[in-house]
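Q: Sharing a structure here in structure tokens format.
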Amino acid sequence: MSVSESLLEQEIAEQPKAKPWAYVDTGSTRDLRLDFMRGIVIPLLFASHFEYFSALMYIGWERVGVVSTAEIFVILAGIVVGMVFGKKLRNEGLAASMPALMDRSVKLYLTNVMLIFIIAAIRLLPEIDATIITTFHSPFSGKVYPLFPPADASVFKLMSQAFLLRIGPHQFQIIGMYVAMFILVTPFVFFMISRQRVGLLLGISWVIYFINFGAHEPNNGSPAFRPTGAQFEYAFPILAWQLIYVHGVVAGYFKKEIVEFFSTTSLGKILLYVSFTLTAAFFVLTWNNPMTQFSDISLRMITPETFHSWYGQYFQKYKLGPGRVLNVVVLLITMYAILSRCWKPINKALGWFFIPLGQASLYVFYVHIFFLLIIANTPLPEMKDFWINTMIHAALLFTIWAMVRTKFLFKVIPN
């Protein structure tokens, strides 16, 4: 054997062994792992908004940690924005990236406003009961709050409130917040990144978050600060939720560096194991939730009083409690790591379903409003049967999946 052949064999032997199940990252802005994770949001969305108790609730209703559709959607949306628009920022500069950003902003905003006008028109049809998307029923107080002005209100009042996003279905509020965040926050984030002031940017984001978290709340339970005055701020105060969006955009922009940190450095690997451990701990915590629907399978390791105390202090959703922030971060890190290591079998088993939904998650958010209306005008919800409810959820999921696959109305509805 020649010396060159011997050296070649030695070099091959020293190369790291290939991971046959691992995800192959091509460096593209399209990351199928993120699409898969966004797709997982959709069943959670259905569990939250189609509130018919079914098998879906065993993975929804905060069953995989104290997180909901909203946190996962917002942080993943931020990551995608950072990856897609950040690539143009990195290659061509701030001025070149802004037109595409503004075009997307206008499209999202106008589609949001158009949805409000469509629902305002539908509620005038006597054959249709639009209560489910025109009112909000508080499960705590039992009160019903109107989300649209009276039917006899002037068209100008309707228009002014719609343009300011002060009306609309509560099931769509997260998109209103995302639109406002995209328009108001993203340009500032990109400006700070372009000036290499990322540390200052994240510091400002945390200061704003803690100011809002510690602010005195009025007696009616509404947020202390509502800078936009929009309806979504009652459920998703922008001063709180900007935290995970800003960090998501930054993470998307520096995705390559972050992935290398977790995969090549000792500290990164330690933090990865910490994320796995905390994810498991949060999973155990949430299965101690004293919800009556899950009383038969509750772990009961924590008393209901203690659970409610912890939840109220650290896991409130509308204020985005710090425990909830930590939970969603470690959960996403854990999911991304698992998908990276075991991508091929997971993708083969479930990718056909979750990836299309994830790539069209905005589209799904839009069209599910109309499915809410359709199902509410059938006798099915009144049957209150577990198996019928499970069939409703399954049929809805596969119907929307088929719509995505056939790109139904994709030219009209953002995706």
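Q: For the range 328-365, give me each residue that is among the aromatic types (Phe, Trp, Tyr) and out of contact with any Phe, Trp or Tyr (no Cβ under 8 Å at 6 or more places or on another chain).
A: Applying the first criterion (among the aromatic types (Phe, Trp, Tyr)) to the range 328-365 yields 336, 343, 352-354, 363, 365.
Answer for the range 328-365, where residues must be among the aromatic types (Phe, Trp, Tyr) and out of contact with any Phe, Trp or Tyr (no Cβ under 8 Å at 6 or more places or on another chain): Tyr336, Trp352.
Q: While we're on this one: Please work out which residue is nearest to Glu62 (Cα to Cα), limiting yourself to the range 310-329 and to residues that are touching a Lys or Arg at 6+ places or on another chain (Cβ under 8 Å) and in a helix (DSSP H, G or I). Before you say what the answer is, go through the steps one by one.
A: Initially, the range 310-329 is screened for residues touching a Lys or Arg at 6+ places or on another chain (Cβ under 8 Å), giving 314-317, 324.
In the following step, the residues that additionally are in a helix (DSSP H, G or I) were identified as 314, 324.
Details: Tyr314: 15, Arg324: 11 Å.
By that ranking, first place goes to Arg324.
Q: Inspect the range 359-369 for any residue being without any contact (Cβ under 8 Å) to a residue 40 or more places away in the chain, surrounded by fewer than 20 Cβ atoms within 10 Å (Cβ to Cβ) and in a helix (DSSP H, G or I) and give the result as yes or no.
A: no
Q: Which of the numbered conditions does Arg63 fail, given that it passes all the others? Conditions: (1) free of Cβ contacts under 8 Å to residues at least 24 places away in the same chain; (2) under 21 Å from the mean Cα position of the chain (by Cα).
A: Every condition holds for Arg63 apart from (1).
Q: List the number of the failed condition for His49; all other conditions in (1) under 27 Å from the mean Cα position of the chain (by Cα); (2) over 26 Å from Phe276 (Cβ atoms); (3) at pLDDT below 85 hold.
A: All conditions are met except number (3).
Q: Do we find that Tyr318 is closer than 30 Å to Gln242 by Cβ, out of contact with any Ser or Thr (no Cβ under 7 Å at 6 or more places or on another chain) and modelled with pLDDT under 90 in this structure?
A: yes
Q: Separate question: Just the residues that are out of contact with any helix residue (DSSP H, G or I) (no Cβ under 8 Å at 6 or more places or on another chain) and aromatic (Phe, Trp, Tyr), please, taken from the range 189-218.
A: Correct list: Phe210 only.
Q: Still on this structure: Residues in the range 157-171: is at least one surrounded by fewer than 20 Cβ atoms within 10 Å (Cβ to Cβ) and either within 30 Å of Glu257 (Cα to Cα) or among the acidic types (Asp, Glu) (or both)?
A: Taking every residue of the range 157-171 in turn, none turns out to be surrounded by fewer than 20 Cβ atoms within 10 Å (Cβ to Cβ) and either within 30 Å of Glu257 (Cα to Cα) or among the acidic types (Asp, Glu) (or both).
Q: Can you give me the number of residues within the range 263-309 that are in a helix (DSSP H, G or I), over 26 Å from the mean Cα position of the chain (by Cα), aliphatic (A, V, I, L, M) and over 24 Å from Tyr52 (Cα atoms)?
A: The number of residues fulfilling the criteria is 2.
The values are calculated or read from the model by the stated rules, or taken from the named source; none is laboratory data. All of these numbers come straight from a predicted model, not from anything done at the bench. A quick note on method: Cβ atoms are made from the backbone with ideal geometry, for glycine too, and the neighbour counts reach across all protein chains shown.
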